[in-house]
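S.K.: Submitted below is the structure of interest, expressed as structure tokens.
Computed from the coordinates by the stated procedures, all read-outs in this text should not be read as laboratory data. The structure displayed is predicted, hence computed values, not measured ones. Using ideal geometry, Cβ is built from the backbone for each residue, glycine included, and neighbour counts are taken over all protein chains shown.
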Amino acid sequence: MKKNKILVVGAGFAGAVIARELAEKNFKVTIIEKKNHIAGNCYTRRDSETQIMEHVYGPHIFNTNNEKIWKYVKKFGSFKDYVHRVKANIPKGIFSFPINLLTINQFYNKKFTPYEASKFIKSKQIKFKNPKNFEEQALSLIGKDLYLNFFYGYTKKQWGVDPKQLPASILKRIPVRFNYDDNFHKAKFTGIPLKGYTSVIKNMLNHKNIKLKINTSWEEAMTDYYLHTFYSGEIDKLFKYKYGKLGYRTVYWKKKIVSGDYQGTAGINFPHLKDKHTRIYEHKHFTPWEKHQKSIIFFEYSKETTKNDIPYYPKRLPKDILKLNKYIKDAKKLNNLTLIGRLGTYRYLDMEDVIFESLKISKKFIEKLNK
């Protein structure tokens, strides 16, 4: 009998939330994960040499304005308040980022008030009636000087294309502030789990109606044994790339263990093209309540996704959207399968977005069955 058996593919936040919600409604959930661990790209572990909590697939800072989401995730682990402060290392010096009043004053060697800075930046703006791409959006917001120093090289390294080829919407996520606020995130609730993200996911999956299988790849035949499948893998892979592969950027890191404090903060961006890496992360600064003699640093690099790489950032270029719409059309024909998460929906989603959507999908699925 498969009337209450559910298959969830992927044990990251998207799959874990859906598994938990359905398990609490007495569905028998099997969740499979092709990696040898749970938590997906949020996976954290204690480094054996330093005992620092390492964000193995790059750092994750949980932030949200949605109190319901904040309360939900805290049911599965204690979170410590954390303020993420980022710097940018450019030939002219090291500056606060996102661009704020301190950045503007230091960069232009001025002592502007907020009003004066706002007026000055407006004079630098190159206006476009409807910015068509990343570069036009940046120039219309901050002008040529700040764009070339803080965004052009970084964007080119991160995405592997000229910023003119990227949609304007990417830059809308980056604020410009006319005060001295250097908190990277403006969310009401911001924190990092005390015992790491792996512990949070583990607690989510700790339910009598959930069966976990790691080192297990999804096969199409599996769906025959379940009432419904929730799939968080790549949408193009699901359909055997019949319309072609979707574009992704991936990131990788060169890890070093050093003594003491390497850079004095969790993250520094390197926007200049002469620096091959895009960022340096220092992991012990993500847990300032802990004390460590040594330090773990990650040099982060970006590149095109190849066969054996983990896809991170959907590029969503016009040619990708054309393919995506075809895949979505095919997916809608599958009544017993739902696509979830960043890869399943081919969208850039933060952790709070993934949790919100997974809760919504679970609720809708249960309501549909009840009808």
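S.K.: Filter the chymotrypsin sites (Phe, Trp or Tyr not before Pro) in segment 285-371 down to the DSSP loop ones having no more than 11 other Cβ atoms within 10 Å, then list what survives.
M.R.: Passing both the DSSP loop test and the Cβ count: W289.
S.K.: Apply the Debye scattering formula to segment 72-161, with a single equal point scatterer on each alpha-carbon and no solvent, then give log10 I(q)/I(0) at q = 0.16, 0.21 Å⁻¹.
M.R.: Debye intensities relative to I(0), on a log10 scale: -0.75, -1.05.
S.K.: Provide T113, T306, T223 in ascending order of the number of other Cβ atoms located within 10 Å of each residue's Cβ, fewest first.
M.R.: T306, T113, T223
S.K.: Quick one: order V8, V29 by neighbouring beta-carbon count within 10 Å, fewest to most.
M.R.: The most exposed by this proxy come first: V29, V8.
S.K.: Given labels modelled 7 Å from the Cα in the Cβ direction, how far is it in nm from S217 to D81?
M.R.: Using points 7 Å along Cα→Cβ, the separation is 4.8 nm.
S.K.: I'd like the orientation of helix 351-370 relative to the chain: the angle between its Cα long axis and the longest Cα principal axis, in ° from 0 to 90, rounded to 10.
M.R.: So the helix axis and the longest Cα principal axis differ by about 30 degrees.
S.K.: In nm, what is the difference between 0.36 nm times the number of residues separating K111 and D224 and their Cα-Cα distance?
M.R.: 33.9 nm
S.K.: Let me ask you something else. Using only the Cα atoms of the chain, what are the Rg and Dmax in Å?
M.R.: Rg, Dmax (Cα atoms, Å): 22.0, 73.
S.K.: Considering Cα pairs under 8 angstrom that are at least six residues apart, work out the relative contact order of the chain and quote it in whole percent.
M.R.: 26
S.K.: Excluding N133 itself, calculate the net charge of residues whose Cβ lies under 14 Å from the Cβ of N133, where each Lys or Arg counts +1 and each Asp or Glu counts -1.
M.R.: +4
S.K.: Normalised by the residues of segment 215-308, what does the relative contact order come to in percent, with Cα pairs under 8 Å and at least six apart?
M.R.: Relative CO of segment 215-308 lands at 29 percent.
S.K.: Go through T64, L7, L227 and say which Cα lies farthest out towards the positive end of the charge dipole of the chain; charges sit on Cβ, +1 for Lys and Arg, -1 for Asp and Glu.
M.R.: So the residue we want is L227.
S.K.: Here's a follow-up. Give the cross-link partners of K245 among the aspartates and glutamates, using a straight C-alpha distance below 14 Å as the criterion and excluding same-chain residues fewer than 8 apart.
M.R.: Counting by Cα, and skipping residues close in sequence, K245 has these aspartates and glutamates nearby: E234, D236, E304, D309, D320.
S.K.: Oh, and also: Suppose a student asked you for the relative contact order of segment 126-265, using Cα pairs under 8 Å spaced at least 6 residues apart; what percent would you report?
M.R.: With pairs under 8 Å counted, the relative contact order is 17 percent.
S.K.: Rounded if a/c is under 1.5, else prolate if a/b beats b/c, else oblate: with a ≥ b ≥ c from the C-alpha gyration tensor eigenvalues square-rooted, which is segment 251-291?
M.R.: Prolate, because a/c is 1.5 or more and a/b exceeds b/c.
S.K.: So if a site counts as exposed when it's one of the GluC sites (Glu not before Pro), its DSSP state isn't H, G, I, E or B, and it has at most 14 other Cβ atoms within 10 Å, what's the longest stretch of the chain without one?
M.R.: Value returned for the longest uninterrupted segment is 50-218.
S.K.: To the nearest Å, what is the center-to-center distance of segment 41-65 and segment 145-189, using C-alpha atoms only?
M.R.: When both Cα centres are located, 24 Å separates them.
S.K.: How would you rank L324, L343, L273, L141, going from fewest to most other Cβ atoms within 10 Å of each one's own Cβ?
M.R.: Fewest-to-most ranking of L324, L343, L273, L141: L273, L324, L141, L343.
S.K.: Tell me whether segment 284-371 comes out rounded, prolate or oblate; compute the Cα gyration tensor, take square roots of the eigenvalues as a ≥ b ≥ c, and use a/c under 1.5 as the rounded threshold.
M.R.: oblate
S.K.: Follow-up question, since we're still on this one. Per DSSP H run of at least 4 residues, take -39500 (n - 2.57); add these up for the chain, divide by its residues and hand me the 222 nm value, nearest 500 deg cm²/dmol.
M.R.: Rounded to the nearest 500, it is -8500 deg cm²/dmol.
S.K.: Take the residue pairs K240/K360; K202/K255; K254/K284; K164/K329 and return only those whose Cα atoms are more than 18 Å apart.
M.R.: Correct reply: K240/K360; K202/K255; K164/K329.
S.K.: Moving on to the next point. Among P163, P175, P271, which one shows the highest mean-square fluctuation when the chain is modelled as a Gaussian network with alpha-carbon springs under 10 Å?
M.R.: Ranking P163, P175, P271 by mean-square fluctuation puts P175 first.
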